[in-house]
Ligand SMILES: [Mn+2]
């Protein structure tokens, strides 16, 4: 499949890369790294990256606005995204051909040429593997972007990093491409004291059911009190892993500006992706998100997750 992907890339002069809405470092890292790899090895090709800019992660690169003319004779490469409806910044139906590279469980079958490997740590790992396997040159900034995606999606090798392949790629990035982890950690992990205080609020207010479900609701007033915005919760979620009595945890955050309740959930055993797909969300088996209409939908999710936790305990 690696060769097939390379052949299809060679066939097109114009390539548009896209990833999921609400981009994280793996989505951004994989798209921008692939853009740089293509540009380095095939300098004449036009390569664009679609999607809304993410102000926190300017490091990865600048997004392009995709105009109608750009779709003409263009190849779509969708990265880190299992479903068409969450593609950011492009209309899938305007492309004749597409490639999909992803590590989420499949939702839509939308491309004939695809790599889907749910055992891969990240989409970035798949891009590095593809680049090395095809003997393509890897620019330094692409290597750095890939490194950041792997580190972010595994939360510094805390999960989804049980295969030697992941470590081999990271070794190559550090040894051959001279990636400097400490410089990059600063970009990924530096945060404000307000965010740390919000984490304190979540820790103090998380209710835990007897089945091991933790949940917190954060109102717009809470956000204002702490001087943070509704996006701040995302990076805090991973810090509740490996806690006795906590199997699954979910945080609901009021987002007044967009009129939704942002929801983010993690689990260290119960499979939660199917439940979130019912609420127009989704993600990984153990890490999901959704945008809900109201806190009453949040209560429904709490009940359903608690039920899943109970069944999970029974199975154990
Ligand atoms: Mn990912």
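What the table below lists for this structure:
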quantity	calculated
Counting all C-alpha pairs of the chain, share separated by more than 23 Å (%)	58
Extension reserve of the residue 187-residue 56 stretch, reckoned as 0.36 nm per residue once the Cα distance is removed	46.3 nm
The chain: angle of helix 140-153 to the longest principal axis, Cα-based, in degrees nearest 10	30
Under the Debye formula (equal points on every Cα, no solvent term), log10 I(q)/I(0) of region 1-63 at q = 0.24, 0.25, 0.30 Å⁻¹	-1.02, -1.07, -1.32
Order of 56, 19 - criterion: other Cβ atoms within 10 Å of each residue's Cβ, fewest first	56, 19
On Cα atoms only, tilt of 2-11 relative to the major axis of the chain in degrees	60
17 Å reach of a label modelled at residue 219, 7 Å along Cα-to-Cβ, counting backbone N of region 279-298	294-298
Ranked 154, 123, criterion: other C-beta atoms within 10 Å, fewest first	154, 123
Highest-MSF residue in the chain out of 276, 295, 252 [GNM, Cα springs under 10 Å]	295
Chain lengthening between residue 108 and residue 243 when straightened (0.36 nm per residue, less Cα-Cα)	45.2 nm
For region 193-315, convex hull of alpha carbons as volume per residue, Å³	94
Degrees separating the helix 123-133 axis from the principal Cα axis of the chain, which is the longest one	30
Calculated FRET efficiency for the pair residue 158/residue 231, C-beta based, R₀ 25 Å, to 0.05	0.70
Label-point gap, in nm, between residue 65 and residue 299 - each point 7 angstrom along Cα→Cβ	4.4
Sites residue 194 and residue 167, calculated FRET efficiency, Cβ-Cβ separation with R0 35 Å, nearest 0.05	0.50
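Each value in this text was obtained by applying a stated rule to the coordinates, not by laboratory testing. Computed from a prediction, not measured in an experiment: that's the story for all the values here. Positions of Cβ are backbone-derived with ideal geometry, glycine not excepted, and every protein chain shown enters the neighbour counts.
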